[in-house]
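Novice: The structure's right below; bear with me while I get my questions together.
The values are calculated or read from the model by the stated rules, or taken from the named source; none is laboratory data. Remember, it's a predicted structure, so these values are computed and weren't measured experimentally. Neighbour counts run over all protein chains shown; Cβ positions are idealised from the backbone, glycine included.
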Amino acid sequence: MVGTQEYQIVGPTATEEMEAQYTDCHTHGSETFCVNSAGDDVEILVETEETHTEEDHDHDHEETSSTAESEGQNCHFHAGVEHCTGGATATCERVDREYNKNLRVGLLFVILATSSIGVFSPIFAASFTRMSQKSIIFVTLKQFGTGIILSTAFIHLFTHADLMFGNECLGELSYEGTTAAIFLAGLFLSFLVDYLGARFVLWRQSKKSGTDTERPSDSPDAKSSPSRTPDSAISHEDQRGTHVHMHSNAEEKLNVLVLEAGIIFHSLLIGLTLVVAGDSGFITLFVVILFHQMFEGIALGTCIAGLSSKAATLTSKLLLATGFALVTPIGMAIGIGVLDFFNGSDPSTIVAIGTLDALSAGILAWVGIVEMLARDWMQGGLLNARWLKTGVAMLSLVSGMVLMSLLGKWA
């Protein structure tokens, strides 16, 4: 020590004690030397605050690394990958986590029961209580379901797909609009299915109508009586109205099938990703998924219950509902089977999950906006409904969007 300055002596390994003091310190370029008692120059190093910082970092590195992950981080799971903000960089290797398999098997049946309650309740209510589709209760449930579907498409699926394709383990994508492109593909496919289905149903009904109208045209009375012309025109209009009605029944069933297809895609992923999440965040994620399944079940169940008896029998409705109730537990069962080697950070896994999420988002966006929101509010009864009914329906719609969007914070 010289005053407040501390110096480090540079020299060969000594077999005797270091001298207590050095004198006549001087510099040569960037190097500093002092003179020992023998009159020799000895190089010294000046210890600065930076040196102290580096040493402290080396000594405390192990302690710092152990606490860095827990400080300033907000973590939750996406597809079995712990997504953290404000923390250290995540690894792309498979992380060994603690998995309570017995707990996961037990909660599989809880998800099954919750999904069943959500999807079957509207169907049973409409079938056995004779609840009208125009009743305020049914309208409230349907608009709540519309809000759920819209939020699921954009807040849950599209956002999660974007996170998947933005994962650093996947590397930098050559096309930045990958998520939106797949979303658009799902939306277009939904439109194409609806359009071709409507054309096919209309073609069948027109063909059947043409066969029926040819029979009275052969009658002499039809040819000779001029008074038949107006009746024929009216009959044609009536038949066209019947075609529209029958087409509407078939179209409604097709729309529900498209909706269920989109829901089944991502419900399978929900079950899988729930199970492969580590025990640290499993219970929180499970509670969120529980509400998610209940809300989504109500949304789908209300749409199924809205099908007329001509479009779908009660048996058909129950089969559609059963498909939804089973798909998430099936995903959970698959997840339990692959727990020991599943790696959510593997590039192929990221691409597969991201693609299905974005595709499902496009499907649900089309159904939610075009077939549910626009049809009910721009073409359906809510366009001219009383203010009380309109207000309740709007409140229910917004509530569905808000609640499902809130769940998007954790799942």
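Novice: Within the stretch 121-166, track down each residue that is more than 15 Å from the chain's Cα centre (by Cα), surrounded by fewer than 24 Cβ atoms within 10 Å (Cβ to Cβ) and among the polar types (S, T, N, Q).
Specialist: Once the filter is applied, which keeps residues that are more than 15 Å from the chain's Cα centre (by Cα), surrounded by fewer than 24 Cβ atoms within 10 Å (Cβ to Cβ) and among the polar types (S, T, N, Q), the stretch 121-166 yields Ser121, Ser127, Thr129, Ser132, Gln133, Ser135, Thr140.
Novice: Going residue by residue through the stretch 358-370, is there one that turns out to be hydroxyl-bearing (Ser, Thr, Tyr) and in contact with an Asp or Glu (Cβ under 8 Å, 6 or more places away or on another chain)?
Specialist: First, pick out the residues of the stretch 358-370 that are hydroxyl-bearing (Ser, Thr, Tyr): 360.
Those still in the list that are in contact with an Asp or Glu (Cβ under 8 Å, 6 or more places away or on another chain) too: none.
So far as the stretch 358-370 goes, no, none of its residues is hydroxyl-bearing (Ser, Thr, Tyr) and in contact with an Asp or Glu (Cβ under 8 Å, 6 or more places away or on another chain).
Novice: In addition: Only one of these conditions is not met by Lys389: (1) surrounded by fewer than 23 Cβ atoms within 10 Å (Cβ to Cβ); (2) over 20 Å from Ala126 (Cβ atoms). Which number is it?
Specialist: Failing condition for Lys389: (2).
Novice: Moving on. Only one of Ser396, Ser345 is in the same structural domain as Val275 (by TED's automatic domain parsing), crowded, with 16+ Cβ neighbours inside 10 Å, touching a residue at least 24 places away in the same chain (Cβ under 8 Å) and under 30 Å from Glu93 (Cα atoms); which?
Specialist: Ser345
Novice: Among the residues of the stretch 171-199 satisfying the criterion of being out of contact with any Ser or Thr (no Cβ under 7 Å at 6 or more places or on another chain) and buried (at least 19 other Cβ atoms within 10 Å of the Cβ), which is farthest from Phe295 (Cα to Cα)?
Specialist: Here the answer is Thr178.
Novice: Looking at Ala325, Ala333, Ala361 in this structure, which one is in the same structural domain as Leu397 (by TED's automatic domain parsing), part of a helix (DSSP H, G or I) and in contact with a Ser or Thr (Cβ under 7 Å, 6 or more places away or on another chain)?
Specialist: Result of the check over Ala325, Ala333, Ala361: Ala325.
Novice: Restricting attention to the stretch 364-411, which residues are part of a helix (DSSP H, G or I) and in contact with a His (Cβ under 7 Å, 6 or more places away or on another chain)?
Specialist: Passing the criteria: only Leu407.
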